[in-house]
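A single structure is presented below for examination.
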Amino acid sequence: MSCIFCRIARREVESTVVYEDDRVIAFDDVAPQAKVHVLVCPKEHVTSLAHLRDDQEPLAASLLLAVRRVAERKQIANSGYRLISNVGEHGGQEVLHLHLHVVGGQPVGRMLAARGGLG
Ligand code: AMP
Ligand code: ZN
């Protein structure tokens, strides 16, 4: 299986891991759009939020709690941050493995997409 985030989760591809537990891995984005830009992913392959199943509720909860822990570790919990998940074609999703972008460490304005703007 060649999914890049599956390979990162299996530690076959290098990344800077910020947080990890049984279900979730979070690592620095390779092309950060702000001082802090972390991707929070399920370790098992889920294509996008649109593919998260009803029986994956524990995984959904783990992803959100991981966001909070990432923010604490990156010391942006108090200053704030933006949470983004691009879904599918109209959402501009490029990597087809569910991930939550945690973007902060500086004001992120009205930025809507993790790559900035609507383009
Ligand atoms: P999206 O457009 O929401 O699918 O975002 C994909 C994100 O994955 C982009 O912000 C990329 O910079 C990031 N990315 C792609 N490959 C890697 C990698 N090997 N390690 C870390 N981040 C990556
Ligand atoms: Zn995957």
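Order these by the 10 Å Cβ neighbour count, fewest first: 90, 97.
90, 97
Rg to Rh for the chain: what is it, with Cα atoms only and Rh by Kirkwood?
On the way: Rg = 13.5 Å, Rh = 14.4 Å.
Using only Cα positions, Rg/Rh for the chain is 0.94.
Tell me which cysteines of the chain come out unpaired when the rule is another cysteine's Cβ under 4.7 Å.
By the Cβ distance rule, which asks for a partner under 4.7 Å, the isolated cysteines are 41.
While we're looking at this one, here's another question. Convert each backbone phi in segment 28-42 into a coupling constant with the Karplus relation 6.51 cos²θ - 1.76 cosθ + 1.60 (shift: θ = phi - 60°), then list the ³J(HN,Hα) values in order as whole Hz, x for Gly and Pro.
5, 5, 5, 10, x, 9, 7, 4, 10, 8, 10, 10, 9, 10, x
Also, I was wondering about something else. Looking at the chain, which longest stretch skips every one of the GluC sites (Glu not before Pro) that is in a DSSP loop with at most 11 other Cβ atoms within 10 Å, leaving the sites themselves out?
That would be 15-93.
Can you list residues from other chains, or at least 5 along the same chain, whose modelled amide H is less than 5 Å from the amide H of residue 46?
Under 5 Å from the amide H of residue 46 lie the amide H atoms of 98, each far enough along the sequence or on another chain.
May I ask for the distance between the Cα centers of segment 84-110 and segment 1-80, given as a whole number of Å?
12 Å
Over the chain, what relative contact order in percent results from Cα pairs under 8 Å that are six or more residues apart?
Relative contact order here is 29 percent.
Expressed in nm to one decimal, what extension gain is obtained for the pair residue 28 and residue 95 from 0.36 nm per residue of sequence separation less their Cα-Cα distance?
Working: separation 67, 0.36 × 67 = 24.12 nm, distance 1.47 nm.
Once the chain is fully extended between residue 28 and residue 95, it gains 22.7 nm.
What length, rounded to one decimal in nm, is gained on full extension from residue 51 through to residue 73, with 0.36 nm per residue of separation minus their alpha-carbon distance? Write out the running numbers ahead of the final one.
Numbers: separation 22, 0.36 × 22 = 7.92 nm, distance 2.86 nm.
Fully extending the segment from residue 51 to residue 73 adds 5.1 nm.
Sorted from fewest to most neighbouring beta carbons within 10 Å, what does the list 87, 102 look like?
Ordered from fewest to most neighbouring Cβ atoms within 10 Å, 87, 102 come out as 87, 102.
So how do 47, 16 line up by other beta-carbon neighbours within 10 Å, fewest first?
Arranged by neighbour count, lowest to highest, 47, 16 become 16, 47.
Rule-based calculations on the coordinates, nothing more; no lab input. Not measured: the values here are computed from a predicted model. Counting neighbours? That spans all protein chains shown, and the Cβs are built from the backbone with ideal geometry, glycine included.
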